[in-house]
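*Asks:* Quick one: structure below, then a few questions.
The values are calculated or read from the model by the stated rules, or taken from the named source; none is laboratory data. Bear in mind that the values here come from a model prediction, so they are computed numbers and not experimental data. When we count neighbours, we look across all protein chains shown, and the Cβ atoms used for this are built from the backbone with ideal geometry, even at glycine. When the accessible area is computed, the model is the full protein with side chains, heavy atoms only, and any ligands, DNA or RNA have been set aside. Shrake-Rupley method; radii C 1.70, N 1.55, O 1.52, S 1.80 Å.
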Amino acid sequence: MGGESSTPVPPPKKEYDKEWRETNWSKKQRDEMVAALRNFKLYDPKVGQLRVLLLGPIGAGKSSFINSISSVFQGRIAHATEVAAATGKSFTKIYKTHYIKNEEETLPFAFNDVMGLEMEEENGIDPDDLINAINGHLPEGYKFNPCGPLTDESRDYNKNPSSNEKVHCLVNVIPAAKISLMSRGVIDKMKNVREKASKLGIPQVVVMTMPDNSCELVSRDLKKIYTSKEIKAKMQMCSNALGIPMNNILPVKNYHEETHLKNDMDILILNALTQIMNYANDYQWALKPNKYK
Ligand SMILES: Nc1nc2c(ncn2[C@@H]2O[C@H](COP(=O)(O)OP(=O)(O)OP(=O)(O)O)[C@@H](O)[C@H]2O)c(=O)[nH]1
Ligand SMILES: [Mg+2]
C-alpha cells in the first residue's frame with residue numbers, strides 16, 4: 001500500500017477567491033446611493049410614484065424589508081410596519097401602502113406587502129387577490145378575506161385604478177435557508193403570479209433574505225456574501241425555482257436585532273432598492289402614452 005493514500009485531502013473551500021458580483025462596500029458608495037434615491041426622477045412624473053408589491057411565504061421578511069429601507073432613509077432603526085415573531089401564521093393581514101419618509105418629504109416609492117402565500121386556506125393569500133393587487137383593484141386598507149378573493153361585484157373593488165395604484169415591480173421575498181424547503185404549492189403560487197405579471201410586462205426580482213441564517217461566513221461578515229459558495233448556491237436555487245435570472249436575485253440582510261445602522265447591511269439594501277426602482281421606472285415609461293413624442 002502506498003504511503004501517499006494517507007495524505008489528508010483538504011476540505012473543499014467554502015469561499016471563492018474573489019467576489020463573483022463586484023460590490024463597492026464603502027461609506028461613500030452608501031451615501032451616493034442614498035443621495036441618488038433621494039433625487040430619484042420618475043420618467044412619468046404625472047403618475048406620482050412607483051408601486052412595488054412584495055410577496056412570499058409567511059415570515060419571509062417582507063415587512064422587515066420595508067422597515068429596513070425606512071431605517072436607511074431615516075438614519076435610524078425605523079418601525080414602518082409590524083414584524084412578526086416566528087409564528088406559523090401570517091402577521092400582515094391588511095393591504096396597506098407603506099411610504100418611505102425622507103428627511104423632509106416622502107420618496108416617490110410605495111410598497112405593499114401582502115400576507116404570506118402558504119396554501120392552507122386560513123393562512124395564506126388567494127392568488128386572485130395578488131392579481132387584483134397587481135392590477136390596482138384592491139382598495140387601501142382592504143382586509144384579506146380567507147373565504148375568497150375580492151371580486152368585481154364587491155363594493156370595495158376598485159374598478160378604475162389610476163396608474164399609481166397599479167404595481168410597477170413584483171418582488172418575490174424568499175429566505176435563503178428556506179428555498180430548498182419551500183413547498184411545491186408556494187412555489188407554484190409564486191410562479192403562477194409571476195407568469196401573469198410577465199404577460200403584463202411587469203419586471204420581477206427576488207429579494208433573498210436571512211443570508212445570515214444560512215451561512216456561517218456571512219453571519220460573521222456580511223461582506224462575504226459574494227464570496228460564499230453556500231450563498232451563491234442558494235441564489236442559484238431561487239433563480240431555478242422561479243425562472244428569474246441570477247442578475248435579478250438580490251440578497252439582503254434585514255434589520256432585525258440591530259439597534260444601529262450598519263454600512264454593509266445598507267449597501268445590500270440600497271443595491272436591491274436601486275435595481276427595483278430602476279426596473280419599476282422603466283416599466284412606467286413603457287406604459288406611458290405618447291412616449292416617443
Ligand atoms: N436573521 C434574520 N432575521 C430576519 C431577517 N429578515 C427578517 N427576519 C426576522 O424574520 C421574522 C419574520 O419577518 P417579517 O418581516 O415579519 O416577515 P413577513 O414576510 O412580513 O411575514 P408575514 O407578514 O407574517 O407573512 C421576524 O422575526 C424578523 O425579525 C434577516 O435578514 N435575518
Ligand atoms: Mg409581514
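*Asks:* Just name the residue that is nearest to residue 233 (Cα to Cα) out of those in the stretch 15-47 that are of a type in the set (Asp, Glu) and open to solvent by less than 100 Å² (accessible area, probe 1.4 Å).
*Replies:* Restricting to residues being of a type in the set (Asp, Glu) and open to solvent by less than 100 Å² (accessible area, probe 1.4 Å), the top hit is 15.
*Asks:* Would you pick out the residues in the stretch 221-247 that are open to solvent by less than 20 Å² (accessible area, probe 1.4 Å) and of a type outside the set (Gly, Ala, Ser)?
*Replies:* Across the stretch 221-247, the qualifying residues are 222, 225, 226, 227, 231, 235, 238, 242, 244.
*Asks:* Another question about this same structure. Could you please tell me which pairs satisfy a Cβ distance under 9 Å, a separation of 6+ or placement on different chains, a first residue in the stretch 52-69 that is among the charged types (D, E, K, R), and a second residue that is in a loop (DSSP other than H, G, I, E, B) and more than 8 Å from ligand 2 (Cβ to nearest atom)?
*Replies:* So the pair list comes out as 62/56; 62/114.
*Asks:* Identify, please: which residue in the stretch 248-277 is open to solvent by 60 Å² or more (accessible area, probe 1.4 Å) and either touching a strand residue (DSSP E or B) at 6+ places or on another chain (Cβ under 9 Å) or charged (D, E, K, R) (or both) and is, among those, nearest to residue 69 (Cα to Cα)?
*Replies:* Selected residue: 262.
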